[in-house]
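Asker: Sharing a structure below in structure tokens format, with a few things to ask.
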Amino acid sequence: MNGRKRTVQIKFRVTEEERALIEEKMKLIPTRNMAAYLRKMAIDGYIIQVDHRDIKAMTAEIQKIGVNINQIARRANATGNVYQEDIGEIKGVLNEIWRLQRLSLLKAH
């Protein structure tokens, strides 16, 4: 180790799948020096944590609309009528989706 700039060795284990993923990401740079790549990622890399609560809330609202539409379709097929309150309920849920989407976009900025 005479003359080496880096004298401390850090070891860690990965699965075959993880190694393949690392190698795929290395191709994007491109580099063949895994030690340099891993050192660069460990020092300069960062983790992005995404908050999916807004998307989950919108998904739940969309599922409610789907349930409502199915109920309305069954009722319409059975009776031949569509009720104004059903349409109002769907419009209300759609408004909630738009509100959540606007909120999500505002948080992104």
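Asker: Find the helices (runs of 4 or more DSSP H) located wholly in the stretch 2-99 whose residues include 3 or more that are touching a residue at least 12 places away in the same chain (Cβ under 8 Å), touching a helix residue (DSSP H, G or I) at 6+ places or on another chain (Cβ under 6 Å) and surrounded by 12 or more Cβ atoms within 10 Å (Cβ to Cβ), and list them.
Answerer: The helices (runs of 4 or more DSSP H) meeting that bar are 53-79.
Asker: State the number of residues belonging to the stretch 83-105 that are at pLDDT 80 or above, of a type in the set (A, V, I, L, M, F, W, C) and within 19 Å of HIS52 (Cβ to Cβ).
Answerer: Of the residues in that region, 4 qualify.
Asker: Give the stretch 22-72 a look and list any residue that's over 30 Å from GLU96 (Cα atoms) and among the acidic types (Asp, Glu), or say none.
Answerer: Across the stretch 22-72, the qualifying residues are GLU23, GLU24, ASP44.
The values are calculated or read from the model by the stated rules, or taken from the named source; none is laboratory data. In this text, all values refer to a predicted model and were calculated from it rather than measured experimentally. For neighbour counting, all protein chains shown are included, and Cβ atoms are generated from backbone atoms with ideal geometry for every residue, glycine included.
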